[in-house]
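The values are calculated or read from the model by the stated rules, or taken from the named source; none is laboratory data. Since the model is a prediction, treat every value here as computed from it, not as a measurement. Here Cβ is always computed from backbone atoms with ideal geometry, including for glycine, and neighbour counts include all displayed protein chains.
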Amino acid sequence: MNRTQSLTIGFVCIICVAIVAHHLPIVEQLNYAVLDQQFSYLKQDSTKSEIQRIVIVGIDENSFSVFPEPLALWHKQLGKLFSALSISGPVAVGLDIVLPEKSYAFINQQYDRDLLLGLRDLSKTTPVFIAQSLNDYKSFKPLFPPIISIAGSNSASHALLKFDSDGVIRQLPVSLSADNSEINPISANLAKVSGYKTPGGLIDYSSGTRFDYIPIQDVITLFESNDSDLLDSFFRDKYVLIGSVLPFSDRLRVPIPLFNNESINTNVPGVMIHAQILRTWINSVVVKPVDALILFCLFILISCTWWITRSTELAITYLVLLVLILWFVSRVSLEAGIYLPVASLFITGFLAIVGRTGLEAAWSRRDKKFLQDSFSGYVSPSVLNDILKKKIVPGVGGEHYEVAVLFSDIRDFTSRCEGQPPESIIDLLNDYFNEMATSVHEFNGTVDKYIGDGMMAFFGAPANSANPCQDALDAAKDMLKRLDSVNSKLRKNHIEPISIGIGLHFGGAIIGHVGSAQRHEYTAIGDTVNISARLESLTKNLGYAIACSQNFYEQLCESSDVIDLGMHSIKGRSDIHVYGYSEKSGK
């Protein structure tokens with residue numbers, strides 16, 4: 001499979017995984033969490049002007065102090081409330097409270113009369129909708145028959161709300177089939193009184209201010225005092241919802257606080273949720289999920305970052321841009337009534353960006369391993385590492401370094417090759433150079449080249465070294481130790497052992513690519529290289545395996561085992577001060 005095919009398959013996989021992830025409950029909850037934050041921001045920054053058209057009459061804790069009877073026996077109080085509303089002209093009234101299922105005349109005959117007379121007065125002037133409980137979503141729990149008779153058969157409503165997977169209410173309620181009829185939500189019936197449409201979708205929690213309520217006992221007090229003007233100011237041409245605002249009863253979770261008295265509490269009275277739903281419909285601000293086809297196209301569009309993201313830097317840049325763009329676009333679309341699943345879209349981009357970056361990293365590791373496997377025998381590890389890190393780039397040229405240069409050579413190798421088959425000579429050199437190169441590499445050196453039976457290496461470049469001369473001397477000593485291992489093998493095969501000479505010098509050199517643009521090598525050139533080669537030749541006459549210059553000697557950290565050999569002449573140069581080391585002198 002070639003690179004293009006791999007990328008195409010990866011792109012298709014990203015789209016498929018994104019679509020599957022979009023339908024996972026955890027991703028749905030993340031989408032809603034972002035939506036809730038946007039509702040909160042839009043609520044704070046909202047510029048929507050709203051005429052207060054919804055009024056809540058609440059049953060609070062003080063209500064039970066004012067009315068000593070149990071709530072089930074508040075017939076007289078509810079009758080007065082209905083009468084008060086009948087004279088104040090609301091658009092419609094919704095009851096999110098439980099009305100009696102039977103007559104309470106057996107306790108007091110006046111109970112039923114007070115409730116039914118008040119309901120009759122209200123029904124004459126205002127549409128009344130009564131929330132009824134359902135038995136197993138199949139049939140209504142029965143109400144006292146005269147209540148339905150007075151309010152009308154079309155007063156039947158339900159107050160059921162749909163929970164999302166995280167237990168929060170965001171969906172607009174829908175009609176239910178019960179008792180062989182279609183029952184509308186209480187908020188939908190209230191909206192339809194004035195001809196408003198009630199489409200499905202999401203509740204717009206960003207519109208409008210938080211809700212206050214008028215305590216039921218205050219409304220009854222105004223009625224009993226005949227304060228019709230104040231009642232008119234509260235309820236005239238308003239939608240009225242009556243329900244509990246108790247702190248621990250009928251509380252449900254919503255994305256943002258709705259209760260003005262509880263600025264941070266998102267567990268709000270159910271009647272306020274119905275009020276927000278009604279507000280959504282009468283303000284025509286229903287939030288619709290983005291069309292499935294458009295969402296699919298967005299998945300494909302965002303997945304296209306797969307084709308342009310390669311490096312880690314680009315990946316981070318695109319992720320930051322993706323977050324900013326998605327947040328801005330989703331917020332603008334939410335203001336327009338369209339819900340974008342931001343988390344799903346971000347996950348799509350994240351998968352595409354991180355997936356492509358990971359694939360590129362895997363390919364890079366594969367390519368580096370291929371280069372290492374292919375060229376580890378041609379260049380030193382330090383050089384190969386710098387090539388892979390792009391510190392050494394193609395092209396002819398070099399840089400000046402202060403380096404320690406090592407030259408080694410096998411003594412009398414030419415004469416011992418006479419009459420020997422080439423294969424045996426190659427085997428001998430391979431074993432020998434394998435050991436010598438290992439010594440150089442263990443002490444951070446770079447093998448420059450092999451010249452017949454000779455080897456050139458340098459220390460201090462391209463890898464930095466605290467003391468390249470000490471590294472070079474330690475490597476030379478290790479070469480002598482490893483030579484013993486090579487000679488041990490030769491003796492077992494009845495082959496004459498070999499001896500070597502090593503020259504060491506420290507100074508400036510130009511290190512880089514030398515040659516033509518088509519064929520070049522990474523090497524060191526300069527007088528430092530020439531002197532170290534001459535010092536290696538000098539070891540033949542000195543009787544020391546290692547010879548180094550004064551420049552080299554002065555850089556050493558540990559020089560007690562290096563012997564001063566005085567001034568010596570070398571070919572093509574004036575006399576230089578030479579120091580020597582042999583295995584005997586090091587003991």
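Worth a mention:
- Here L406 meets each of (1) hydrophobic (A, V, I, L, M, F, W, C); (2) out of contact with any Asp or Glu (no Cβ under 7 Å at 6 or more places or on another chain); (3) outside any strand (DSSP E or B) with one exception, condition (3).
- Filter pass, S311 being within 19 Å of V332 (Cβ to Cβ) and of a type outside the set (A, V, I, L, M, F, W, C): no
- Here I216 meets the list (1) crowded, with 16+ Cβ neighbours inside 10 Å; (2) farther than 20 Å from L176 by Cβ; (3) under 39 Å from the mean Cα position of the chain (by Cα) almost entirely, failing just condition (3).
- Filter result for D237 (farther than 21 Å from M272 by Cα, of a type in the set (D, E) and surrounded by fewer than 16 Cβ atoms within 10 Å (Cβ to Cβ)): no
- Qualifying residues in segment 343-377 (those that are assigned to a helix (DSSP H, G or I) and of a type in the set (S, T, N, Q)) - the one modelled with the lowest pLDDT: S374
- Filter result for N154 (closer than 30 Å to Y205 by Cβ, at pLDDT below 90 and assigned to a helix (DSSP H, G or I)): yes
- Top-ranked residue of segment 410-436 - restricted to ones that are within 60 Å of the chain's Cα centre (by Cα) and not acidic (D, E), ranked as surrounded by the most Cβ atoms within 10 Å (Cβ to Cβ): M436
- When each of S63, S49, S103, S88 is tested for being assigned to a helix (DSSP H, G or I) and either within 17 Å of I130 (Cβ to Cβ) or modelled with pLDDT under 95 (or both), the lone residue that passes is S63.
- Criterion violated by H23 - all others in (1) surrounded by 14 or more Cβ atoms within 10 Å (Cβ to Cβ); (2) under 26 Å from D166 (Cβ atoms); (3) at pLDDT 90 or above satisfied: (1)
- Flag if I56 is among the aliphatic types (A, V, I, L, M), at pLDDT 95 or above and more than 21 Å from P289 (Cβ to Cβ): yes
- Count of residues meeting criterion [in contact (Cβ under 8 Å) with a residue 60 or more places away in the chain, closer than 19 Å to T539 by Cβ and of a type in the set (A, V, I, L, M)] in segment 458-486: 6
- Taking residues in segment 523-534 that are more than 19 Å from D575 (Cα to Cα) and touching a residue at least 40 places away in the same chain (Cβ under 8 Å), and partners anywhere that are surrounded by 19 or more Cβ atoms within 10 Å (Cβ to Cβ) and among the hydrophobic types (A, V, I, L, M, F, W, C), the pairs with Cβ atoms closer than 6 Å and at least 6 places apart or on different chains are A524/F458; A524/A509; A524/I511.
- Residue match in segment 176-185 (condition: farther than 19 Å from I97 by Cβ, modelled with pLDDT of 90 or more and either under 40 Å from the mean Cα position of the chain (by Cα) or crowded, with 21+ Cβ neighbours inside 10 Å (or both)): no
- Filtered by the rule that a residue be part of a helix (DSSP H, G or I) and among the polar types (S, T, N, Q), segment 106-132 gives Q109, Q110, S123, T125.
- Counted as qualifying within segment 215-324 are the strands (runs of 3 or more DSSP E) with 2 or more residues that are touching a residue at least 40 places away in the same chain (Cβ under 8 Å) and touching an Asp or Glu at 6+ places or on another chain (Cβ under 9 Å), namely 239-244.
- Being surrounded by 20 or more Cβ atoms within 10 Å (Cβ to Cβ), modelled with pLDDT of 90 or more, over 54 Å from the mean Cα position of the chain (by Cα) and under 17 Å from G526 (Cα atoms) is a description that applies to F407.
- Verdict on E69 being more than 47 Å from the chain's Cα centre (by Cα), charged (D, E, K, R) and either buried (at least 19 other Cβ atoms within 10 Å of the Cβ) or modelled with pLDDT under 90 (or both): yes
- Candidate set from segment 437-466 (those that are aliphatic (A, V, I, L, M) and part of a helix (DSSP H, G or I)); member that is surrounded by the fewest Cβ atoms within 10 Å (Cβ to Cβ): A437
- Any hit, segment 417-436, residues being assigned to a strand (DSSP E or B) and touching a residue at least 40 places away in the same chain (Cβ under 8 Å): no
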